[in-house]
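Here's the structure, in structure tokens; my notes come after.
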Amino acid sequence: MQITQQCVVALTWTLKDTLGETLDVLDDPVEFLVGGNDLLPAIDSALLGKSVGETVELQLEPEQAFGDFNDQLVFLEPRALFPQEIEEGMTIEGHALPTGCNPDAPKDVLYTVADLYPEHVVLDGNHPLAGIAIRVQLAIRAVREATEAEVGQGTLGTGFFKPFQ
């Protein structure tokens, strides 16, 4: 079966930066809805017409991938607002930020705790790969027709290959 709009594709991948450094490797396939909201448009388009066993290699500039780094999405917040067990690398949904955080912080963003200081927490609402051109090699492991429910939802809930916002 060839990949068409509104079908489900199972992918594995290797992501590298433009210097060839490996950023991420996935060996166990993950399913995505082609033609829905699961994939970056450039990846969605590149998969069309492909079949199981084929690979797709792309170089994506930041504007095609996870966007440019936006310093307006970095916030310095009082450490006292957060639980003691907070750690670097943790994520916090914007709507769940503690009361007292900057009211200008968008609520529809996923924040990563970028740094911890005795008096402050640095929250970064950028995608971890924002501002980076990436090379992606996708291997197509399975293709199937999407169910009516999957098409109706527009997603399988897998958001790795879409921007945070």
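The values are calculated or read from the model by the stated rules, or taken from the named source; none is laboratory data. This is a predicted model, so every value here is computed, not measured. Cβ atoms come from the backbone with ideal geometry, glycine included; neighbour counts cover every protein chain shown.
Of note:
For every residue, the table says whether it meets (1) closer than 18 Å to residue 67 by Cα; (2) modelled with pLDDT under 95.
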site	(1), (2)
99	no, yes
113	no, no
123	yes, no
143	no, no
149	no, yes
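- Qualifying position, being of a type in the set (A, V, I, L, M) and either surrounded by 15 or more Cβ atoms within 10 Å (Cβ to Cβ) or touching a Phe, Trp or Tyr at 6+ places or on another chain (Cβ under 8 Å) (or both), among 130, 149: 130
- Near pairs, Cβ below 7 angstrom, 6+ apart or cross-chain, from segment 15-30 (assigned by TED's automatic domain parsing to the domain that holds residue 142) to any residue that is surrounded by fewer than 11 Cβ atoms within 10 Å (Cβ to Cβ): 16/22
- The strands (runs of 3 or more DSSP E) falling completely within segment 67-165 that include 1 or more residues that are in contact with a Pro (Cβ under 7 Å, 6 or more places away or on another chain), within 30 Å of residue 27 (Cα to Cα) and outside the structural domain of residue 23 (by TED's automatic domain parsing) map to 110-116.
- Meets criteria (surrounded by fewer than 16 Cβ atoms within 10 Å (Cβ to Cβ), in contact (Cβ under 8 Å) with a residue 12 or more places away in the chain, over 16 Å from the mean Cα position of the chain (by Cα) and under 27 Å from residue 11 (Cβ atoms)) for residue 93: no
- Remark: pairs (first residue in segment 57-73, within 16 Å of residue 42 (Cβ to Cβ); second residue at pLDDT below 95 and of a type in the set (D, E, K, R); Cβ separation under 6 Å; 6+ apart in sequence or on different chains) = 62/68.
- Hey, residue 59 touching an Asp or Glu at 6+ places or on another chain (Cβ under 9 Å) and on the phi < 0 side of the Ramachandran plot or not: no
- The set of residues in segment 1-41 that are over 16 Å from residue 137 (Cα atoms) and not in a strand (DSSP E or B) comprises 1, 2, 3, 4, 5, 6, 35, 36, 37, 38.
- Among the residues making up segment 43-56, those that are buried (at least 16 other Cβ atoms within 10 Å of the Cβ) and not β-branched (Val, Ile, Thr) are 44, 46, 47, 50.
- Across segment 101-111, the number of residues qualifying as in contact with a helix residue (DSSP H, G or I) (Cβ under 9 Å, 6 or more places away or on another chain) and over 19 Å from residue 69 (Cα atoms) comes to 1.
- The set of residues in segment 28-72 that are hydrophobic (A, V, I, L, M, F, W, C), out of contact with any helix residue (DSSP H, G or I) (no Cβ under 9 Å at 6 or more places or on another chain) and at pLDDT 95 or above comprises 46, 47, 48, 52.
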